[in-house]
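The values are calculated or read from the model by the stated rules, or taken from the named source; none is laboratory data. A quick note: this is a predicted structure, and the numbers were derived from the prediction, not measured. Positions of Cβ are generated from backbone atoms using ideal geometry, with glycine treated the same way; all protein chains shown enter the neighbour counts. Accessible surface areas use protein heavy atoms only, side chains included; no ligands, DNA or RNA. Shrake-Rupley method; radii C 1.70, N 1.55, O 1.52, S 1.80 Å.
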Amino acid sequence: MDPSGAPLGTPLGGQGTGEALALASTTAPSGVGVVDKAATILDALEAGPATLAQLVSATGLARPTVHRLAVALAHHRFVGRDIQGRFVLGSRLVELASAAGEDRLIAAAGPVLMNLRDATGESAQIFRRQGDWRVCVASAERPIGLRDTIPVGTQLSMKAGSAAQVLVAWEDHDRLLEGLRHARFSATVLAGVRRRGWAQSLGEREPGIASVSAPVRGPSGRVIAAVSISGPIERLTRQPGRLHAEVVVQAARQLTEAVRATTQ
């Protein structure tokens, strides 16, 4: 028995019983054992957080096998831990799901960004997180005059800028702490972002540039992107949120509704 009182399963040289594994999995084996076992662990976590002993019981795999695979999946962020130390599905799965739905976001982005650009007179962008970077996946640039040009595909830091604030602010506890390490913004700033529902920055990413951003949410309510405007501080002033937060938030809501509508 595990110290928690849960059964440990049937260890057979590091392998679980084939019968238990077949019962735990919802699909036929692929023939690649390690992949099948990892998939079985992910299937088990779909039901919710689980201790190591509970994963052993649910999968029918041996305890050393479950532990080794769960740790490896955690290394690649396919599995995480909650505040009680239980295994949970990891944030990387959310990122991949968001990437799979990126075409829906981009399809809706064009008219929304152009309206946002025209309403504010500033360049507008959408950023998605990809690992340690935020990537511009759509943009509508100010056609003339001094502007902040961010072409589609540009990778920017997750440690500075209002879009980075938005993409970090609603992360789980561990990723929030990681996002704050060496960042130009603080936990207090992110608390304000969550309270207001939008972020602003003054020269965080680049001297002389200000920006305002708001979160775009997927069907589950999780933040999947940030919509932003950016331009010179001289034009946006030192309180860009006061000028433009309302229209940026409205653009974010339109994108959220568009993404959710395509999944219904």
Set the Förster distance to 30 Å, then compute FRET efficiency between Arg181 and Val135 from the Cβ-Cβ distance, nearest 0.05. 0.90
Tell me what the chain gives for mean residue ellipticity at 222 nm when only DSSP H runs of n ≥ 4 count, each as -39,500 (n - 2.57), the sum divided by the residue total, rounded to 500 deg cm²/dmol. -14000 deg cm²/dmol
Bins of 5 Å from zero: percent of alpha-carbon pairs in the stretch 152-264: 2, 13, 22, 24, 20, 12, 5, 1, 0
With every protein chain in place, the stretch 120-181: carbon and sulfur % of accessible area (1.4 Å): 55
Out of the trypsin sites (Lys or Arg not before Pro) in the stretch 140-192, which ones are loop residues according to DSSP with at most 12 other C-beta atoms within 10 Å? Arg181
Kirkwood Rh, the stretch 103-202, all Cα pairs: how many Å? 14.4
From largest accessible area down, sort Thr154, Thr40; use a 1.4 Å probe on the protein chains. Thr154, Thr40
Ordering Leu243, Leu42, Leu105 by accessible area with a probe of 1.4 Å, largest first, what comes out? Leu243, Leu42, Leu105
For the stretch 105-188, accessible area per residue (1.4 Å probe, heavy atoms of protein chains only), Å²: 46
Over the chain, what number does the Rg to Rh ratio reach, with both radii from the alpha-carbon atoms and Rh per Kirkwood? 1.09
Hey, can you grab everything whose amide H is under 5 Å from the amide H of Val79? Only 5+ residues off in sequence or another chain; H modelled, so Pro and N-termini drop out. Ala74, Gly90
Tell me, Kirkwood radius of the stretch 151-197 from alpha-carbon pair distances, in Å? 10.9
Suppose accessible area is computed on protein heavy atoms with a 1.4 Å probe; arrange Asp148, Asp132 from highest to lowest. Asp132, Asp148
Please report the net charge: other residues with Cβ closer than 15 Å to the Cβ of Met114, K and R +1, D and E -1. 0
Quick calc, Asp172 & Val35: beta-carbon distance into FRET formula, R0 25 Å, rounding 0.05, result 0.45
